[in-house]
Every structure is written in structure tokens, then in C-alpha cells.
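Student: There's a structure below that I have some questions on.
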Amino acid sequence: MWERLRYLLLLLLWLHGTDSFYVPGVAPINFHWNDPVEIKAVKLTSSRTQLPYEYYSLPFCQPSEITYKAENLGEVLRGDRIVNTPFQVFMNVEKKCEVLCNFPNKPVTLTVDQSKLMAERIREDYYVHLIADNLPVATRLEFYSNREEEDKKKEKDVQFEHGYRLGFLDGNKFYLHNHLSFILYYHREDVEENQEPTYRVVRFEVIPQSIKLEDLKADDKGMCTLPEATGSAPQEIDPTKENQLLFTYSVHWEESDIKWASRWDTYLTMSDVQIHWFSIINSVVVVFFLSGILSMIIIRTLRKDIANYNKEDDIEDTMEESGWKLVHGDVFRPPQYPMILSSLLGSGIQLFCMILIVIFVAMLGMLSPSSRGALMTTACFLFMFMGVFGGFFAGRLYRTLKGHRWKKGAFCTATLYPGVVFGICFVLNCFIWGKHSSGAVPFPTMVALLCMWFGISLPLVYLGYYFGFRKQPYDNPVRTNQIPRQIPEQRWYMNKFVGILMAGILPFGAMFIELFFIFSAIWENQFYYLFGFLFLVFIILVVSCSQISIVMVYFQLCAEDYRWWWRTFLVSGGSAFYVLIYAVFYFVNKLDIVEFIPSLLYFGYTALMVLSFWLLTGTIGFYAAYMFVRKIYAAVKID
């Protein structure tokens with residue numbers, strides 16, 4: 001059985017491309033002494049601009065032949081452009097200092113335009129991202145956990161940041177990190193006697209340095225000499241004139257006890273995991289407590305209501321003249337715009353199925369950060385294939401709401417939400433194109449996405465809609481009167497917007513801690529890896545959305561307002577409003593974005609996130625309320 005599973009896994013790897021999909025534990029690479037370890041560049045990123053660029057968009061030294069790696073859909077959408085570099089690194093071979101570029105005895109001359117561009121990227125706080133054996137380079141940050149001088153040596157902690165800074169700014173002067181000291185850690189594998197030892201790369205660090213041209217002392221053989229730490233001047237980049245400099249690097253190898261299966265642990269602890277644990281557990285406990293109280297209150301109240309409504313007295317019970325039983329003849333009256341409602345709910349079902357499967361598979365370790373781009377690729381394909389479920393539920397609900405034009409309804413389901421997403425992304429992509437960023441989706445990829453939309457998602461939605469529309473509509477327990485009853489004047493707290501604010505608090509409280517880490521992973525180029533916690537938070541989100549939706553629809557029906565279809569969908573998605581408020585807070589307090597286009601990108605993609613979250617939570621709440629309404633009206637006797 002396990003052997004078949006392994007072959008199935010390898011087949012999936014092949015379908016995604018040999019070099020574009022990577023699952024930890026499947027294909028470790030063994031190196032022998034002096035085997036080449038290829039250093040590749042991924043991209044340049046900055047949390048201040050949110051615009052990734054290709055590595056060779058800056059005048060770095062280039063190899064004799066530039067080769068880009070074949071990438072999957074997720075890598076293209078992330079802006080990754082993985083390319084080879086001229087760094088010559090060999091397993092367990094030390095290099096003290098070597099000069100890059102084709103003419104080691106001549107410095108590199110940056111033109112005025114190149115100098116301006118380099119200085120601009122330094123000012124925008126760009127990071128350079130390299131990989132070795134699919135491990136991203138990390139910069140070590142050392143700090144002391146105890147401020148007392150006598151305890152500093154004992155309690156020194158180490159943390160890492162992703163990539164390395166292109167340079168730094170000192171006053172009005174720009175300095176470039178032109179020397180890279182690579183530190184690679186290897187784990188020696190156990191081999192039989194008389195066999196050559198094998199090694200595996202388990203960590204990739206870099207110490208970036210800025211060293212002036214004259215202090216490097218390069219010779220004609222391409223070798224250089226690093227100056228003493230106290231006697232070197234940094235390499236300044238003057239954007240107003242040409243600049244001469246050398247790009248150099250050194251390589252140091254260290255043996256490590258870290259095994260290959262655990263080599264990503266270093267990168268995944270770049271944030272404070274302990275705070276993450278305590279915060280999530282605290283949120284889960286609070287939400288479970290509040291959910292338990294709400295459940296007890298609503299169940300006790302319902303039992304009392306149903307017992308009173310079902311009393312068989314000769315005299316008409318006054319309880320039947322008010323409350324939710326009184327609107328039994330109108331509660332299942334079809335709402336306005338049933339086609340749009342069913343289409344939005346169909347898209348919500350698509351999102352729900354896609355998110356559930358993605359989080360579950362990622363929790364099993366199949367979509368870890370080492371699987372570069374696999375998470376986004378899987379999400380895109382799953383959303384397309386889940387169209388059959390979205391169409392089925394939308395079609396059946398549309399028929400239940402007395403709809404007749406099923407073909408138009410299926411087209412609306414397949415195009416309404418994806419059309420909005422595609423339209424916003426296309427407009428944002430035009431701005432990214434104008435900046436010549438690698439984050440711009442290439443035209444062939446955009447055509448491929450359109451073909452996937454109209455070639456996979458649209459037919460599957462039509463297929464699901466057809467079978468859903470043919471299936472028997474949902475069986476409502478009471479008949480609908482021909483003449484709608486008058487709705488009494490509602491109290492102020494029954495206002496729709498007040499309901500949205502009230503209903504969104506509990507679901508948002510269940511996931512706002514996790515939202516911080518998700519935003520950090522998206523906007524600050526960090527790794528997100530606690531998918532087990534994310535799955536737990538997702539389940540809590542489903543429970544809290546369902547419960548708050550049931551409570552709100554119960555209050556509405558008790559106020560003799562039977563127009564609950566649209567309202568439940570809107571109110572259940574109330575937590576999306578708080579997500580929007582949190583996104584604005586995060587933008588103001590956590591990010592250093594001041595330019596127009598980065599701000600436009602942030603709020604454009606945030607709008608898509610809020611819209612998707614609103615559809616997801618609204619769909620969860622709607623179906624929970626629908627099942628609740630059918631259940632309570634089936635439990636009372638209707639004359």
C-alpha cells in the first residue's frame with residue numbers, strides 16, 4: 001500500500017514538472033565531495049513597494065549563459081523568476097574570496113542609469129533571494145534575550161530573516177552589499193565501509209558585506225583578499241555618476257547534526273512560535289466558551305417556544321399570535337433576485353470546498369513552504385474543479401426559489417465572482433506591467449488562466465447546475481401563502497447594518513490572531529507553516545459563523561420579519577467588514593508603504609480577500625440558518 005502511495009506521489013511530481021514541485025522527504029539530493037552545488041536567484045522583494053523584480057533587473061554579474069527554470073503556475077503568480085548565477089560553489093570546498101564577472105582583474109563599471117537604479121532599490125529596502133538545493137538563503141540576526149551584561153554570553157538567541165539586504169542607507173549615502181560570505185551547513189549521511197561519503201545541504205546562510213573596491217585587493221587570477229573588519233570602508237553607490245566596484249564572494253562549509261528531514265525548521269521559526277501557540281489556544285478557548293453559552297441559550301429558548309406552540313388547548317393560545325410561528329406562511333417566500341443569490345452561494349460553496357481541501361492537504365505536509373508555488377497552483381486548480389459542486393448547490397437552490405432560467409443561472413454562477421476577480425487582477429496587472437515588475441502575470445499565463453476558466457470551470461459549473469436543477473428542490477415543511485403579510489415596524493437594533501456589526505465580532509475573534517500571520521506571510525515575505533492551527537481555526541470559524549447566523553435569524557423571525565434570505569447571507573459575512581478594518585490598521589501600523597501603486601496593489605488584493613471571505617462566511621451562515629429554519633418549522637404543528 002505504501003509503495004503504491006509513493007508511486008502516486010511521484011506521478012503527481014511528474015505532472016507538476018520535475019523541477020517545479022517538491023515534497024519534503026521524497027527526493028533528497030546526495031552530494032559527494034567537490035560536487036557542484038548550484039546557487040540560483042529567485043527575485044528581489046520589498047515590503048515597501050510590494051513589487052518583485054527579476055534578479056538580473058539590476059546589474060549583477062551574469063554567467064556566460066542565462067537559464068531560467070521552468071516554473072509552475074504558483075511561482076509565476078508569485079513573481080518568482082528562478083535563474084542561474086555565476087557563483088561557483090562545490091560541496092565541502094572552502095573559498096576565501098573570489099571575484100565574480102568575466103574579467104576578474106577589472107572592476108565592474110556601473111553607468112549613471114544603473115547607479116540610479118541600484119540606489120533606488122537600496123532606498124526602497126529591497127532584499128535579494130537566492131536558493132541552494134531549494135533552500136532559501138537566510139541572514140542571521142543575533143540578539144540578547146537578557147540585557148544584563150554578565151548574562152549576555154549565556155543567553156544569546158539567534159533568529160533569521162529571509163534573504164539578504166541589497167544594501168543600506170546612511171544619511172544621504174547609499175552603500176551596496178557587494179561581498180557575500182556564504183555559510184552552508186551539511187549533514188554527513190551514514191554509508192557502508194569503503195564507500196565515498198555523501199552529504200546533504202541542511203542550511204544556507206549569508207553574511208552580506210559592503211567593502212570598498214580598493215580594500216578588496218583583487219589579483220589577475222580572480223582572487224581577492226578580505227580586509228580586517230575594523231579597517232575596511234563600505235562600497236558607496238553615487239547615483240549622480242559612474243561607480244566602479246567588485247562583486248566578490250566566499251564560501252564556508254560547516255558540518256551539522258540537523259537531518260535533511262528537519263532542515264526547514266530553521267526557516268520556519270523566523271517568527272515567535274510561542275506567542276502563536278498561546279494566542280491561538282486563547283482564541284479557541286474563548287470562542288468555544290461563547291459558542292457553548294449561545295448554544296445553551298438558543299436551545300432552551302427554542303424548546304420553550306416549541307412546547308408552547310404545540311399545546312393543544314381549546315382556547316387559542318396567545319403565544320400563537322406573535323413570535324416566529326406567526327410568519328410560517330411567508331418564511332419560505334422566495335426573495336428578490338434569486339438568481340444572483342444562488343450564484344453567490346454557488347461561488348461560496350466553491351471557495352469552501354477549495355479552502356477546506358487545501359488546508360487539509362497542507363496540514364498533512366504536502367504543500368509545505370519548500371513546495372515553491374504549489375499552494376497557489378493547487379488552490380487555482382481546485383477552485384476550477386470545485387465548480388461542479390458550486391453549480392450543483394446553486395442549481396438546486398435556484399429551483400427551490402422557483403427559478404426557471406437554469407442556463408442563465410449557470411452562466412451567472414460561473415462568471416459573476418470569477419469575473420470580478422479577473423477584472424480587478426487585470427487592472428492591477430496593468431499597473432505592475434508599467435513598473436516592469438516580475439510580479440506582472442505574463443500574457444501567455446493570462447491566456448492559460450482564461451482557458452482554464454472557460455475550458456474547465458465553466459463546463460463543470462454547467463454540469464453541476466444541470467444535475468442540481470433537475471434534482472428535487474429542498475423540501476420546505478410549510479406552505480407559502482399567496483398574499484404576503486405586512487411586516488411590523490422593526491426596532492433599531494434589528495437594522496441590517498447593526499446586525500452585520502454584531503454578527504461579525506465572534507467569527508472575527510476566532511481568527512484575527514491567525515490573520516496577522518497570514519498578512520505577514522503575504523505582505524512581508526515570510527513563511528507560513530502552521531496549517532494544523534489554520535485547520536483548527538477554520539473549523540472554529542465554521543462553527544461560530546453557523547451559530548451567530550442561527551441566533552440572528554431567530555431574532556429576526558421573532559420580530560415577524562420573514563425577509564431572511566438575503567439578510568442572513570449579508571449578516572453572516574459581517575466578519576469580512578472587520579477583516580477590512582484590520583487590513584487598514586495593518587497597512588497604517590505595520591507596513592511602510594507611501595507610494596500610489598504599492599498602496600493600490602495592497603488595497604486591490606485586500607478587496608479580493610475581503611470579498612472572498614465575505615462569500616465564504618456568508619455561505620456558511622446561510623446554509624446553517626436555512627437548515628435551522630426548516631428544522632424549527634418542521635417541529636411545530638401548523639394548522
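The values are calculated or read from the model by the stated rules, or taken from the named source; none is laboratory data. What you see is a predicted model; the values in this text were computed from it and never measured. All Cβ positions, glycine included, derive from the backbone under ideal geometry; neighbour counts span all protein chains shown.
Student: For the subset of segment 588-620 comprising residues that are polar (S, T, N, Q) and surrounded by fewer than 22 Cβ atoms within 10 Å (Cβ to Cβ), which member is farthest from Tyr417 (Cα to Cα)?
Tutor: Within segment 588-620, the subset polar (S, T, N, Q) is 589, 599, 606, 612, 617, 619.
Among the residues that remain, those that are also surrounded by fewer than 22 Cβ atoms within 10 Å (Cβ to Cβ) are: 589, 599, 606, 612.
Values: Asn589: 31, Ser599: 23, Thr606: 15, Ser612: 9 Å.
Among them, the one singled out is Asn589.
Student: Okay, moving on. Taking the conditions exactly as written (under 19 Å from the mean Cα position of the chain (by Cα), under 21 Å from Ala583 (Cα atoms) and of a type outside the set (Val, Ile, Thr)), does Leu506 satisfy them or not? Outline the logic, then answer.
Tutor: Working: under 19 Å from the mean Cα position of the chain (by Cα): no; under 21 Å from Ala583 (Cα atoms): yes; of a type outside the set (Val, Ile, Thr): yes.
It is false that Leu506 is under 19 Å from the mean Cα position of the chain (by Cα), under 21 Å from Ala583 (Cα atoms) and of a type outside the set (Val, Ile, Thr).
Student: How about segment 57-82: which of its residues are under 23 Å from Leu245 (Cα atoms) and within 27 Å of the chain's Cα centre (by Cα)?
Tutor: Step one: list which residues in segment 57-82 are under 23 Å from Leu245 (Cα atoms), which gives 57-66.
The one that is under 23 Å from Leu245 (Cα atoms) and within 27 Å of the chain's Cα centre (by Cα): Ser57.
Student: Oh, and also: Is it true that some residue in segment 446-456 is over 28 Å from Gln50 (Cβ atoms) and in contact (Cβ under 8 Å) with a residue 12 or more places away in the chain?
Tutor: yes
Student: Another question, if that's okay. Condition first: within 24 Å of Leu345 (Cα to Cα), more than 35 Å from the chain's Cα centre (by Cα) and hydrophobic (A, V, I, L, M, F, W, C). Now tell me which residues in segment 456-497 satisfy that.
Tutor: Matches in segment 456-497: Val478, Met494.
Student: Could I ask something else about it? For segment 327-349, indicate whether the set of residues that are surrounded by 21 or more Cβ atoms within 10 Å (Cβ to Cβ), modelled with pLDDT of 90 or more and among the β-branched types (Val, Ile, Thr) is non-empty.
Tutor: Checked segment 327-349: at least one residue is surrounded by 21 or more Cβ atoms within 10 Å (Cβ to Cβ), modelled with pLDDT of 90 or more and among the β-branched types (Val, Ile, Thr).
Student: Somewhere in segment 269-282, is a residue under 21 Å from the mean Cα position of the chain (by Cα), surrounded by 14 or more Cβ atoms within 10 Å (Cβ to Cβ), at pLDDT 70 or above and part of a loop (DSSP other than H, G, I, E, B)?
Tutor: Within segment 269-282, none of the residues are under 21 Å from the mean Cα position of the chain (by Cα), surrounded by 14 or more Cβ atoms within 10 Å (Cβ to Cβ), at pLDDT 70 or above and part of a loop (DSSP other than H, G, I, E, B).
Student: Give segment 446-477 a look and list any residue that's of a type in the set (S, T, N, Q) and surrounded by fewer than 15 Cβ atoms within 10 Å (Cβ to Cβ), or say none.
Tutor: First, the residues of segment 446-477 that are of a type in the set (S, T, N, Q): 457, 472, 476.
Residue satisfying the conditions is Gln472 alone.
Student: Could you count how many residues in segment 224-259 are among the basic types (Lys, Arg) and in a strand (DSSP E or B)?
Tutor: Pass one, segment 224-259, residues among the basic types (Lys, Arg): 241, 259.
If we keep only those that are in a strand (DSSP E or B) as well, we get none.
Of the residues in that region, 0 qualify.
Student: Does Gly423 qualify as being under 22 Å from the mean Cα position of the chain (by Cα), surrounded by fewer than 19 Cβ atoms within 10 Å (Cβ to Cβ) and modelled with pLDDT of 90 or more? So that I can check it myself, show each step before the final result.
Tutor: Numbers: under 22 Å from the mean Cα position of the chain (by Cα): yes; surrounded by fewer than 19 Cβ atoms within 10 Å (Cβ to Cβ): yes; modelled with pLDDT of 90 or more: yes.
Yes, satisfied.
Student: Give segment 83-109 a look and list any residue that's touching a helix residue (DSSP H, G or I) at 6+ places or on another chain (Cβ under 8 Å) and at pLDDT 90 or above, or say none.
Tutor: Hits for segment 83-109 are Val83, Thr85.
Student: Also, quick follow-up: Could we say that Cys412 is of a type outside the set (Asp, Glu), at pLDDT 90 or above and touching a helix residue (DSSP H, G or I) at 6+ places or on another chain (Cβ under 8 Å) here? Give the derivation first.
Tutor: On the way: of a type outside the set (Asp, Glu): yes; at pLDDT 90 or above: yes; touching a helix residue (DSSP H, G or I) at 6+ places or on another chain (Cβ under 8 Å): yes.
Taking the combined requirement at face value, the residue satisfies it.
Student: Look at Pro208 and say whether it is surrounded by fewer than 21 Cβ atoms within 10 Å (Cβ to Cβ), at negative phi and touching a Phe, Trp or Tyr at 6+ places or on another chain (Cβ under 6 Å). Step through it out loud before you land on a result.
Tutor: Values: surrounded by fewer than 21 Cβ atoms within 10 Å (Cβ to Cβ): yes; at negative phi: yes; touching a Phe, Trp or Tyr at 6+ places or on another chain (Cβ under 6 Å): yes.
In short, yes.
Student: Here is a follow-up. State yes or no: is Asn146 over 18 Å from Leu44 (Cβ atoms) and either modelled with pLDDT of 85 or more or not small (Gly, Ala, Ser) (or both)? Break it down into steps so the answer makes sense when it comes.
Tutor: Numbers: over 18 Å from Leu44 (Cβ atoms): yes; either modelled with pLDDT of 85 or more or not small (Gly, Ala, Ser) (or both): yes.
Yes, satisfied.
Student: With the requirement that a residue be surrounded by 11 or more Cβ atoms within 10 Å (Cβ to Cβ) and of a type in the set (Ser, Thr, Tyr), what does segment 480-507 give you? Before you say what the answer is, go through the steps one by one.
Tutor: If we filter segment 480-507 for residues that are surrounded by 11 or more Cβ atoms within 10 Å (Cβ to Cβ), which is where we start, we get 480-481, 484-485, 487, 490, 494-507.
Answer for segment 480-507, where residues must be surrounded by 11 or more Cβ atoms within 10 Å (Cβ to Cβ) and of a type in the set (Ser, Thr, Tyr): just Thr480.
Student: Separate question: Only one residue in Ile505, Ile522, Ile539, Ile550 is assigned by TED's automatic domain parsing to the domain that holds Leu341, closer than 21 Å to Pro335 by Cα and either touching an Asp or Glu at 6+ places or on another chain (Cβ under 6 Å) or not hydroxyl-bearing (Ser, Thr, Tyr) (or both). Which one? Let's see the steps before the verdict.
Tutor: On the way: Ile505 fails: closer than 21 Å to Pro335 by Cα; Ile522 fails: closer than 21 Å to Pro335 by Cα; Ile539 fails: closer than 21 Å to Pro335 by Cα.
Of Ile505, Ile522, Ile539, Ile550, the one residue that is assigned by TED's automatic domain parsing to the domain that holds Leu341, closer than 21 Å to Pro335 by Cα and either touching an Asp or Glu at 6+ places or on another chain (Cβ under 6 Å) or not hydroxyl-bearing (Ser, Thr, Tyr) (or both) is Ile550.
Student: From Phe577, Phe603, Phe585, which residue is in contact with a Gly (Cβ under 8 Å, 6 or more places away or on another chain) and either assigned by TED's automatic domain parsing to the domain that holds Tyr493 or in a helix (DSSP H, G or I) (or both)?
Tutor: Working: Phe603 fails: in contact with a Gly (Cβ under 8 Å, 6 or more places away or on another chain); Phe585 fails: in contact with a Gly (Cβ under 8 Å, 6 or more places away or on another chain).
Answer to the selection: Phe577.
Student: Residues that are in contact with a Leu (Cβ under 7 Å, 6 or more places away or on another chain) and not aliphatic (A, V, I, L, M): list the helices (runs of 4 or more DSSP H) wholly contained in segment 431-536 that include at least 2 such residues. Give the derivation first.
Tutor: Working: elements: 443-452, 458-470, 496-503, 505-523.
The helices (runs of 4 or more DSSP H) meeting that bar are 505-523.
Student: Moving to a separate point now. With farther than 18 Å from Leu382 by Cα, touching a Lys or Arg at 6+ places or on another chain (Cβ under 7 Å) and not small (Gly, Ala, Ser) as the only criterion, which of Phe469, Phe426, Phe431 stands out?
Tutor: Numbers: Phe426 fails: touching a Lys or Arg at 6+ places or on another chain (Cβ under 7 Å); Phe431 fails: touching a Lys or Arg at 6+ places or on another chain (Cβ under 7 Å).
That would be Phe469, the only listed residue that is farther than 18 Å from Leu382 by Cα, touching a Lys or Arg at 6+ places or on another chain (Cβ under 7 Å) and not small (Gly, Ala, Ser).
Student: Let me ask you something else. If I filter segment 192-211 for residues that are among the hydrophobic types (A, V, I, L, M, F, W, C), farther than 21 Å from Val93 by Cα and part of a loop (DSSP other than H, G, I, E, B), do I get at least one hit? Step through it out loud before you land on a result.
Tutor: Narrowing segment 192-211 to residues among the hydrophobic types (A, V, I, L, M, F, W, C): 201-202, 204, 206-207, 211.
Remaining after also requiring farther than 21 Å from Val93 by Cα: 211.
Narrowing the set further to residues that are part of a loop (DSSP other than H, G, I, E, B) leaves 211.
Yes, some residue in segment 192-211 is among the hydrophobic types (A, V, I, L, M, F, W, C), farther than 21 Å from Val93 by Cα and part of a loop (DSSP other than H, G, I, E, B).
Student: Among the candidates Val594, Val610, Val629, which residue alone is over 30 Å from Asp475 (Cα atoms), in contact with a Leu (Cβ under 9 Å, 6 or more places away or on another chain) and not assigned by TED's automatic domain parsing to the domain that holds Tyr126?
Tutor: Values: Val594 fails: in contact with a Leu (Cβ under 9 Å, 6 or more places away or on another chain); Val629 fails: over 30 Å from Asp475 (Cα atoms).
Unique residue meeting the criteria: Val610.
Student: Next question, about the same structure. Quick check: anything in segment 524-546 at pLDDT 85 or above and farther than 23 Å from Ser291 by Cβ?
Tutor: No, every residue in segment 524-546 fails to be at pLDDT 85 or above and farther than 23 Å from Ser291 by Cβ.
Student: Name the residues in segment 186-199 that are surrounded by fewer than 21 Cβ atoms within 10 Å (Cβ to Cβ) and closer than 25 Å to Cys97 by Cα, would you?
Tutor: Filtering segment 186-199 down to residues surrounded by fewer than 21 Cβ atoms within 10 Å (Cβ to Cβ) leaves 187-198.
Matches in segment 186-199: His187 only.
Student: Now for a different question. Name the one entry in Leu166, Leu180, Leu245, Leu184 that is farther than 30 Å from Ser370 by Cβ and at pLDDT 85 or above. Quick ask: steps written out before the conclusion?
Tutor: On the way: Leu166 fails: farther than 30 Å from Ser370 by Cβ; Leu180 fails: farther than 30 Å from Ser370 by Cβ; Leu184 fails: farther than 30 Å from Ser370 by Cβ.
Exactly one of Leu166, Leu180, Leu245, Leu184 is farther than 30 Å from Ser370 by Cβ and at pLDDT 85 or above, namely Leu245.
Student: Consider only pairs whose beta carbons are under 6 Å apart and that are at least six residues apart or on different chains; among these, list those whose first residue lies in segment 40-62 and is closer than 18 Å to Tyr602 by Cβ and whose second residue is among the acidic types (Asp, Glu) and in a loop (DSSP other than H, G, I, E, B).
Tutor: If the second residue must be among the acidic types (Asp, Glu) and in a loop (DSSP other than H, G, I, E, B), the pairs left are Ser46/Glu124; Ser46/Asp125; Ser47/Glu524; Arg48/Glu124; Arg48/Asp125; Arg48/Asp592; Thr49/Glu124.
Student: Hey, among the residues in segment 363-399 that are of a type in the set (Gly, Ala, Ser) and surrounded by fewer than 24 Cβ atoms within 10 Å (Cβ to Cβ), which one's farthest from Thr413 (Cα to Cα)?
Tutor: Ser370
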